[in-house]
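In what follows, a structure is listed as structure tokens, so that the remarks can point back to it.
The values are calculated or read from the model by the stated rules, or taken from the named source; none is laboratory data. Predicted model only: the values in this text are computed from it and were never measured. Neighbour counts are summed over all protein chains in view; Cβ atoms, including those assigned to glycine, are modelled from backbone coordinates with ideal geometry. Accessible surface is based on the protein model in full, side chains and every heavy atom, while ligands, DNA and RNA are left aside. Shrake-Rupley method; radii C 1.70, N 1.55, O 1.52, S 1.80 Å.
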Amino acid sequence: MSKPVIGLGGVLEKAPPTSAFPTFRRLFTNEGYLAKLQKAGALPILLPIASQADLECMVGLCDGILLPGGPDIDPSFYNQERHELCGPSDPDVDRYQIQLFHIARKLNKPILGICRGAQLINVAQGGTLFQDYRLQSVNPIIHPDYQRWDCVSHQVEVVPNSILSELFMTDSLGVNSLHHQSIAKPGTDCKVTAFSSDGSIEAIELSSGAWCTGVQWHPEAMGSEMDCLFEVFINEALA
């Protein structure tokens, strides 16, 4: 049996000062995504920014799409003015990944969104974000918990009868937490499937079309307890 091809939406960053090509941005992804996908039996490829027609061709070659973490989505994409707590954005990457999402939906490809990827799914569906976690609650959890980047930072409550509840078979799940933004208003067909004690939305799934779920934590940085999320994604890609 051939391996399913999973396309990852790359993120652009400036070249480091040591680069011989200082004006060329670099397309990259976290090796954690690659390791988890390969462990689950997939063949991951990094998709570059391209024209609509070329993106459609590339997505057509893929069996599924992973939307990874990255910088803050520009607030203009969800019709808000930039708050001083919002971090740097790259509208080129935002535009490309939103386009990638819509093409994958059009072609009925399963989609897994992680951290920024979950937020991007929501924005692409017409939802909004809190530009910083401190804007959503008077007593928030410290969501950007960088000291526990690869282990449990806090618990999330999993909503019954959801992809996550059927997958993990629990109503409470320990997750890491590396984000400072989160979903505010869910977009069209976005069903909330997990939330933390301060009310922060921690996961969504789409109620129509091909399999699509997004989680606010970083399962690629955690242990084998999160492998099942990648495995079910790969099974959907095989289907």
*asked:* Residues that are among the acidic types (D, E), surrounded by 13 or more Cβ atoms within 10 Å (Cβ to Cβ) and in a loop (DSSP other than H, G, I, E, B): does region 72-88 have at least one?
replied: yes
*Residues of region 125-147 being in a loop (DSSP other than H, G, I, E, B), modelled with pLDDT under 95 and buried (at least 19 other Cβ atoms within 10 Å of the Cβ), which ones?*
D132, Q136, H143
*Mind listing whichever residues of region 149-172 are open to solvent by less than 20 Å² (accessible area, probe 1.4 Å) and either within 16 Å of the chain's Cα centre (by Cα) or of a type in the set (A, V, I, L, M) (or both)?*
V156, V158, L164
_Report every pair of residues separated by at least 6 positions or lying on different chains whose Cβ atoms are under 8 Å apart, first residue within region 18-39 and loosely packed, with under 13 Cβ neighbours inside 10 Å, second assigned to a loop (DSSP other than H, G, I, E, B)._
F21/A15; P22/A15; T23/A15; F24/A15
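For region 185-205, name all the residues that are part of a loop (DSSP other than H, G, I, E, B) and open to solvent by less than 30 Å² (accessible area, probe 1.4 Å).
Once the filter is applied, which keeps residues that are part of a loop (DSSP other than H, G, I, E, B) and open to solvent by less than 30 Å² (accessible area, probe 1.4 Å), region 185-205 yields G187, S196, D198, S200.
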*Where residues in region 36-51 are assigned to a helix (DSSP H, G or I) and in contact with a helix residue (DSSP H, G or I) (Cβ under 7 Å, 6 or more places away or on another chain), which of them is farthest from V93 (Cα to Cα)?*
K39
_For the condition at negative phi, open to solvent by less than 10 Å² (accessible area, probe 1.4 Å) and part of a helix (DSSP H, G or I), what is the one hit in I121, I65?_
I121
